[in-house]
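The values are calculated or read from the model by the stated rules, or taken from the named source; none is laboratory data. The model shown is predicted, which means the values in this text are computed figures rather than measured ones. Methodologically, a virtual Cβ is constructed for each residue, glycine included, from the backbone with ideal geometry; neighbour enumeration extends over all protein chains shown. With ligands, DNA and RNA removed, areas are computed over all heavy atoms of the protein, side chains included. Shrake-Rupley method; radii C 1.70, N 1.55, O 1.52, S 1.80 Å.
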There are 2 protein chains.
Amino acid sequence: MSEKRLRDAIDTLKESGVRITPQRHAVLEYLLSSMSHPTADEIYKALEGKFPNMSVATVYNNLRVLKEIGLVRELTYGDSSSRFDCTTSEHYHIICNSCGKIVDFHYPSLDEVESLAEQVAGFDISYHRLELYGTCEECKAVGTEKH
Amino acid sequence: MSEKRLRDAIDTLKESGVRITPQRHAVLEYLLSSMSHPTADEIYKALEGKFPNMSVATVYNNLRVLKEIGLVRELTYGDSSSRFDCTTSEHYHIICNSCGKIVDFHYPSLDEVESLAEQVAGFDISYHRLELYGTCEECKAVGTEKH
DNA sequence: TTATTAAATAATAATCTTTATAATCAGTTT
DNA sequence: AAACTGATTATAAAGATTATTATTTAATAA
């Protein structure tokens with residue numbers, strides 16, 4: 001199943017005329033297998049063992065390429081660094097303000113909101129983002145919320 | 001009207017036991033009067049004339065304080081710097097991928113989405129963000145979209 | 001009004017993330 | 001094999017934000 005997603009993604013890369021280097025393959029594979037919406041630095045550290053000489057720039061370059069093709073989406077929250085997520089299926093995110101955990105949230109796409117926005121603002125809307133913020137179960141229990 | 005919003009905001013500051021310094025007052029006033037969701041640097045530059053000796057750190061400190069009290073919200077998009085927005089009334093944002101323009105978008109709050117998220121993820125949801133991305137009228141006309 | 005004190009500011013350094021640059025390397029084509 | 005194209009590495013640079021510290025100041029009460 002995950003294997004199929006990887007093969008599909010690689011096919012997309014080939015169709016786009018993008019070279020499939022070992023580093024690029026590894027970044028893509030890691031993102032597909034990861035459930036944790038990693039930062040560029042986390043990806044870099046995770047692949048350190050397999051590619052001791054890999055540059056951080058390579059991670060950023062590949063994330064940019066994967067983004068441009070549409071295989072990967074960049075998520076920015078209040079914190080310092082971007083997070084990256086494979087755009088396998090449309091979904092939203094729930095973020096814990098206390099521990100930073102990010103949970104996927106599946107909900108029917110808000111198409112009618114997009115339509116209304118097009119009408120009132122005169123935009124062509126191509127996509128949207130929705131994030132819900134709160135406190136996760138564990139942090140509720142511990143009761144050690146930030147701020 | 002805008003005067004009233006400023007007075008209300010200052011009352012909130014007083015209630016929170018936060019000092020009302022000239023710089024803090026100016027940052028708050030600028031944010032309230034601004035329709036443009038400015039960055040920290042834009043605020044800093046805008047107040048340069050009135051406060052030639054003000055430090056950038058002061059802008060950041062005050063934005064943090066105003067955020068903690070709940071008067072201001074931080075918005076992060078793909079680009080490098082955060083934008084800041086007075087949380088006067090609940091609304092969403094429409095962002096042009098071509099020129100970066102940000103337009104306010106009023107829509108009934110998605111309370112049922114929050115409820116569902118609480119149920120499926122076990123979170124206490126406190127608020128949410130929704131952003132719509134696309135091409136604004138001007139950029140559609142010019143047809144000079146990025147990427 | 002003045003004194004007091006905790007908080008805020010200014011100036012600066014430091015950190016952290018991301019991008020840019022240039023040299024090298026690998027795979028492909030001629 | 002030589003040349004070409006794009007990717008990678010190493011490193012520098014840029015840009016945003018945070019931390020530090022000495023100084024100043026707003027709020028409070030004597």
Report summary line: Farthest towards the positive end of the dipole of the protein assembly as shown, among A:134, A:121, B:49 and with Cβ unit charges of +1 on Lys and Arg and -1 on Asp and Glu, lies the Cα of B:49
**Report entry** Check: chain A dipole with +1 on Lys, Arg Cβ and -1 on Asp, Glu Cβ, in debye
**Finding:** 680 debye
Query raised in the report: Inter-copy label distances at residue B:7, 7 Å along the Cα→beta-carbon direction, one decimal in nm, shortest first?
Result: 7.1
**Report entry** Net charge contributed by nearby residues that have their C-beta within less than 11 Å of residue A:107 (K/R +1, D/E -1)
**Finding:** -4
**Report entry** Solvent exposure, largest accessible area first (probe 1.4 Å, DNA, RNA and ligands not counted), of B:41, B:85
**Finding:** B:41, B:85
Report summary line: For the residue A:6, residue A:111 Cβ pair and Förster radius 45 Å, calculated FRET efficiency rounded to 0.05 is 0.90
Report summary line: Shape call for segment B:1-62, from the Cα gyration tensor axes a ≥ b ≥ c (a/c under 1.5 means rounded, otherwise prolate when a/b beats b/c, else oblate), comes out oblate
Query raised in the report: Count the lysine pairs in chain A that are 8 or more places apart or on different chains: how many have C-alpha atoms under 16 angstrom apart?
Result: 4
Query raised in the report: When the Karplus curve 6.51 cos²θ - 1.76 cosθ + 1.60 is applied with θ = phi - 60°, which whole-Hz ³J(HN,Hα) does each residue of segment A:62-78 get, with x for Gly and Pro?
Result: 5, 4, 5, 4, 5, 5, 4, 6, x, 7, 10, 10, 9, 10, 10, 10, x
Query raised in the report: DSSP beta bridges in the protein assembly as shown, what fraction antiparallel, as a percent rounded to 5?
Result: 80 percent
Requested in this report: Write down Rg/Rh for the protein assembly as shown, rounded to two decimals, with Rg from the C-alpha atoms and Rh from the Kirkwood relation over Cα pairs.
Outcome: 0.99
**Report entry** chain B, helix-only ellipticity at 222 nm - DSSP H runs n ≥ 4, -39,500 (n - 2.57), divided by all residues, nearest 500
**Finding:** -13000 deg cm²/dmol
Requested in this report: Just flag the trypsin sites (Lys or Arg not before Pro) in segment A:16-77 sitting in loop per DSSP whose Cβ has no more than 13 other Cβ atoms within 10 Å.
Outcome: A:19, A:50
**Report entry** Computed over segment B:1-142: relative contact order in percent, which uses C-alpha pairs under 8 Å that are six or more apart
**Finding:** 18 percent
Report task. Give the long-range amide H neighbours of residue A:107: residues separated by 5 or more places, or on another chain, with amide H under 5 Å away, using H modelled in the peptide plane at 1.01 Å from N. Result -> A:92
Query raised in the report: Can you list, shortest first in nanometers, how far residue B:126 lies from the same residue in the other copies, with each label 7 Å from Cα toward Cβ?
Result: 3.4
**Report entry** Peptide B:103-116 - average C-beta neighbours from other chains (10 Å radius)
**Finding:** 3
Query raised in the report: Counting Lys and Arg as +1 and Asp and Glu as -1, each charge on the Cβ, what is the dipole of the protein assembly as shown about the Cα centre in debye, to the nearest 20?
Result: 1080 debye
Query raised in the report: What shape does segment B:22-147 have by the C-alpha gyration tensor, where a ≥ b ≥ c are the square roots of the eigenvalues, rounded means a/c under 1.5, and otherwise prolate means a/b greater than b/c and oblate the rest?
Result: oblate
Query raised in the report: Using a label point 7 angstrom from Cα along Cα-to-C-beta, what distances in nm, from shortest up, separate residue A:140 from the other copies?
Result: 4.3
Requested in this report: Report, in debye and to the nearest 20, how large the dipole of segment A:89-147 comes out about its Cα centre when Lys and Arg carry +1 and Asp and Glu carry -1 on their Cβ.
Outcome: 400 debye
Query raised in the report: In segment B:1-58, what GluC sites (Glu not before Pro) fall in a loop by DSSP, with at most 16 other Cβ atoms inside 10 Å?
Result: B:48
**Report entry** Exposure of residue B:16 as accessible area (Å², to 10), given a probe of 1.4 Å and all protein chains
**Finding:** 60 Å²
